[in-house]
1. Give the number of residues within segment 266-282 that are in a loop (DSSP other than H, G, I, E, B) and at pLDDT 85 or above.
2. Select the helices (runs of 4 or more DSSP H) contained entirely in segment 569-668, then report the ones holding at least 1 residues which are more than 24 Å from residue 373 (Cα to Cα) and free of Cβ contacts under 8 Å to residues at least 24 places away in the same chain.
3. Return the only residue of 252, 231, 241 being at pLDDT below 85, closer than 30 Å to residue 82 by Cβ, polar (S, T, N, Q) and buried (at least 16 other Cβ atoms within 10 Å of the Cβ).
4. Out of all the residues in segment 389-402, which are touching a residue at least 60 places away in the same chain (Cβ under 8 Å) and buried (at least 22 other Cβ atoms within 10 Å of the Cβ)?
5. For the condition more than 43 Å from the chain's Cα centre (by Cα) and surrounded by fewer than 20 Cβ atoms within 10 Å (Cβ to Cβ), what is the one hit in 129, 184?
6. Return yes or no: is residue 271 small (Gly, Ala, Ser), touching a Ser or Thr at 6+ places or on another chain (Cβ under 7 Å) and not assigned by TED's automatic domain parsing to the domain that holds residue 441?
7. Could you identify the single residue in 86, 153 that is among the basic types (Lys, Arg), closer than 30 Å to residue 390 by Cβ and modelled with pLDDT of 85 or more?
8. Only one residue in 147, 159 is surrounded by fewer than 22 Cβ atoms within 10 Å (Cβ to Cβ) and in a strand (DSSP E or B), so which one is that?
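The values are calculated or read from the model by the stated rules, or taken from the named source; none is laboratory data. As the structure is a prediction and not an experimental result, all values here were calculated from the model. Note that we place each Cβ from the backbone using ideal geometry, even for glycine, and neighbour counts take in every protein chain shown.
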Amino acid sequence: MPFFRRMEETAQRPVEEKPEPLAELRKAIAEARLPEHARQAVTKELERLDKTDPSVAEYSVGYNWVQFVLALPWNAATPDNLDLARAERVLNEDHFGLSRVKERVLEHLAASIMVSSRPRRVLVVDDERIALDNMAYVLGKDGHEVLTAENGRQAMEVLARTECDLVITDLKMNQMDGLELLERLKAASPQTELILVTGFATVDTAVNALKKGAAHYLPKPLNLDVLRSVSRDILDAKAKSRVARGPILCFSGPPGTGKTSIGRGVAAALGRKFIRLSMAGLRDEAELRGHRRTYVGAMPGRILAELKRAEVNNPVFMLDEVDKIGKDFRGDPASVLLEVLDPEQNRRFLDYYLDMPFDLSGVMFITTANVVEELPRPLYDRMEAIPFQSYTPLEKRRIARDYIAPRQMHGAGLRTKDLSFTDAALDTVIDGYTREAGLRNLDREIGSLCRKVDLQVLAGKLRLPASLDAAEVTALLGPPRFRPEAAARADAVGVATGLVYSEYGGQILFIETARMAGGGGLMLTGSLGEVLKESAQTALSYIRSRAGELGIAPNFFKECDIHVHIPAGAIPKDGPSAGVTIAVALVSLLSDRPARSDVAMTGEMTLSGRLLPVGGLREKLLAAQRAGVMTVVLPKANEIEWRVLDEDVRQAVRVVFAETAIEAIKEALQP
């Protein structure tokens, strides 16, 4: 029968050998340079997979885990470019201004370069001259600075005069043996590593030496290649830990001031890869630490996943917007960062999916935040804040002409010689169409101008090359969206102009007051915080105690109610720096003297009328300039800080320093 014949033919064919699904993993494990604890873990998992049916879910979970472990960059690193002049050139190529920020970054890089280029000093101790010379010779060929001693007593004398990174000593020596030298070394210099070499190798001796703090134990006859390899690994790990112990940089400042781009510049200057991870809105700590493999669909955390994607273990890793991390029932991501950003802990970072320590000490972490005060205190203590300040109008004009305009013209299909902007045109865009501390809106408006020029050219209404002036900018972009608030407002009774600093830079605000018949009530509106409410109470009490000196009827408060309002009621406001502004507005109201609209002020006021220093001075002065304010009243205690500001910031407005509220009132009110 044909059916049986076909069955017989099928049975006679040789069975094709199926390739073993784990063979490639075994080969990859053998070739990978895994740490010993990782090699043991994947070998154990592979043995378990070998006994597991491939059709069950646990098989694929284990298989994927082994692949993930093998894909991690356990030993892959990019060599640092230790050329400080190149680093400065790279930072200046793409970033104008920010001189203080660049200086701080270069200081950090200089410290890393000094640590990395520091000579590695090795002390070799052995009472056999030939062995001593051989070890000193091979270590010297590796570029180490080698010192020698013939016994433990001589070694301690050398260590008393010179700091060494590594000591390599024989066990059996005259006067002082290797174990006694180890004990004295760890007592005198715990950071110095020691390798013990002996021809009397026993398990007990090795265990005893390692318990006392020895970094490694090598038997005789000594393999010099093994000695070189072990010494190099120990010294590399020590140098790596010294570099990693530098502070974690935290770039803080308003949006659009160049925090992320400076981070990219640091990576380019060092020759490292760059990773950016946004922390804004992150609420589940498993996003950073991963899920345990027992869960269905478990995945590693974002930190190890990004390192796997980068394929190196020493990138520049930017944690963006760390001040906007959330917290709920799923955990606290900020607590994970306490481990990640701590040099003492991140050498053994534990991702729940990986379930074994991974060394993050080679990663250069940089964080960014708009308001560092919103960071948890333990997290903030692990970082060094580098403030990014607002750009001045002159800096914005220079950046717009040299950086933004050429890039936007290229994106719009225009050549740099096709289109140009006059200074007045750029000033019109900066003052009339943007109101920001950074450059993002300026970038968008110049891009919009370039696209509108494209439309005009294609419609035959404009011929290239062209130069845009202020009037043409207004014709293309429409009426200006912003105008100087203070310059457009007339002097008024009971209304004073204040200066504040927020996460978006400096801003002005108007404090409005009114009085009506009543019995001594004080109403405060405008979404005011507790500190701001107390500032208003302090200002009113000061005025009541000095009513005669200020030309106000002593019993004014018995016959009226006073209402203090700060516009933009939907926006929460708080802080002590509006105290003097509230006092000026109230004195203006109660004495019926108009407050000058071209004068703005800032300062915390005490009950006795003294003015205390405030922060955000540079941003507040730039905000006053943008608003058309001519004079700014500052506390006398801020004068030293004002004198170190850039010349263009100090010349932006006229500054008057006041020690008391009386001096500020005289300057701000009309006679």
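1. Just the residues of segment 266-282 that are in a loop (DSSP other than H, G, I, E, B), to begin with: 271-273, 279-282.
Applying the additional criterion that residues be at pLDDT 85 or above yields 271-273, 279-280, 282.
Qualifying residue count, segment 266-282: 6.
2. On the way: elements: 579-591, 617-626, 639-643, 647-650, 661-668.
Once the helices (runs of 4 or more DSSP H) in segment 569-668 are filtered for at least 1 residues that are more than 24 Å from residue 373 (Cα to Cα) and free of Cβ contacts under 8 Å to residues at least 24 places away in the same chain, what remains is 639-643, 647-650, 661-668.
3. Values: 252 fails: at pLDDT below 85; 231 fails: at pLDDT below 85.
Exactly one residue qualifies, and that residue is 241.
4. In the first step, residues of segment 389-402 are kept if they are touching a residue at least 60 places away in the same chain (Cβ under 8 Å); the result is 389-395, 398-399, 402.
389, 390, 391 - these are the residues of segment 389-402 that are touching a residue at least 60 places away in the same chain (Cβ under 8 Å) and buried (at least 22 other Cβ atoms within 10 Å of the Cβ).
5. Details: 184 fails: more than 43 Å from the chain's Cα centre (by Cα).
Result of the check over 129, 184: 129.
6. Values: small (Gly, Ala, Ser): yes; touching a Ser or Thr at 6+ places or on another chain (Cβ under 7 Å): yes; not assigned by TED's automatic domain parsing to the domain that holds residue 441: yes.
Yes, satisfied.
7. Details: 153 fails: closer than 30 Å to residue 390 by Cβ.
86 is the lone residue from the list that is among the basic types (Lys, Arg), closer than 30 Å to residue 390 by Cβ and modelled with pLDDT of 85 or more.
8. On the way: 159 fails: in a strand (DSSP E or B).
Residue meeting the stated conditions: 147.
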